[in-house]
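**Student:** My questions will all concern the structure given below.
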Amino acid sequence: MYDHILGVIHSKQPTSLILRCQGVGYHLNISFQTYDNSPDIGQECLVYTFLHVREDILNLFGFLDQNERLFFTKLISINGIGPMTALRIMSGSPFSQLVESVKMGNVTALNKIKGVGKKTAERIILELSSALNDVQIDSNSDLPYNIHQDALAALQTLGYNEKESSKAIKSVMSTKDQIAIDELIREVLKII
């Protein structure tokens with residue numbers, strides 16, 4: 001298994017990153033927080049990795065922090081949560097808030113993440129609350145999570161106009177207090 005890769009960021013999108021190392025481009029699935037906190041294209045970056053093997057498919061997942069990778073591996077150990085669902089959960093809120101929600105047993109906070117129902121949130125808390133003692137978090141290390149910027153970047157990647165997309169994002173966000181990014185993008189696509 002690959003523990004980490006040190007390379008130059010060749011390209012990045014809200015859900016993936018291409019890291020070039022020794023002439024090889026590694027495609028890494030990433031969370032929105034990893035996207036937000038990763039250096040710009042052309043900059044060197046150390047990415048901690050997790051290789052998920054399923055039948056004939058190899059997926060490489062990337063994290064800027066070892067604790068995020070540890071949390072990810074604990075999440076996918078829960079029955080019914082695969083790697084893509086785990087990334088979606090980790091994209092739903094800043095890492096420190098997510099870990100704190102699990103430790104405090106905050107079902108409501110986890111339930112606000114798209115794809116996490118009440119039973120899944122309860123199962124995550126039940127199975128991970130005691131297992132997270134070895135996950136260290138520093139709430140000051142989280143950069144402010146800006147769902148508007150992430151949604152805008154995703155829409156621009158899909159080829160939509162920045163001004164029109166931004167206006168639609170503001171419109172949707174004004175009607176909803178809490179919204180997951182994938183739901184926000186879906187609602188915006190209905191408007192555009």
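The values are calculated or read from the model by the stated rules, or taken from the named source; none is laboratory data. Because the structure is predicted, anything quoted here is derived from the model rather than measured. All Cβ positions, even for glycine, are placed from backbone atoms using ideal geometry, and neighbour counts span all protein chains on display.
**Student:** Give all pairs with beta carbons closer than 7 Å in which a residue from the stretch 149-174 that is charged (D, E, K, R) meets a residue that is surrounded by 12 or more Cβ atoms within 10 Å (Cβ to Cβ) and modelled with pLDDT under 85; count only pairs at least 6 apart in sequence or on separate chains.
**Tutor:** Asp150/Ile181; Glu162/Leu152; Glu162/Gln156
**Student:** Say we look at the stretch 21-62 and pick out the residues that are in a strand (DSSP E or B) and β-branched (Val, Ile, Thr); which of these is modelled with the lowest pLDDT?
**Tutor:** Ile57
**Student:** Kindly check whether there is at least one residue in the stretch 156-167 that is surrounded by fewer than 18 Cβ atoms within 10 Å (Cβ to Cβ), part of a loop (DSSP other than H, G, I, E, B) and at pLDDT below 75.
**Tutor:** The answer is no, given that none of the residues of the stretch 156-167 is surrounded by fewer than 18 Cβ atoms within 10 Å (Cβ to Cβ), part of a loop (DSSP other than H, G, I, E, B) and at pLDDT below 75.
**Student:** Do you know which of the residues in the stretch 168-192 that are hydrophobic (A, V, I, L, M, F, W, C) and assigned to a loop (DSSP other than H, G, I, E, B) is farthest from Ser16 (Cα to Cα)?
**Tutor:** Ile192
**Student:** Take the stretch 77-111 and flag every residue that is in a helix (DSSP H, G or I), of a type in the set (A, V, I, L, M) and crowded, with 20+ Cβ neighbours inside 10 Å.
**Tutor:** Ala86, Leu87, Ile89, Met90, Leu98, Val99, Val102, Leu110
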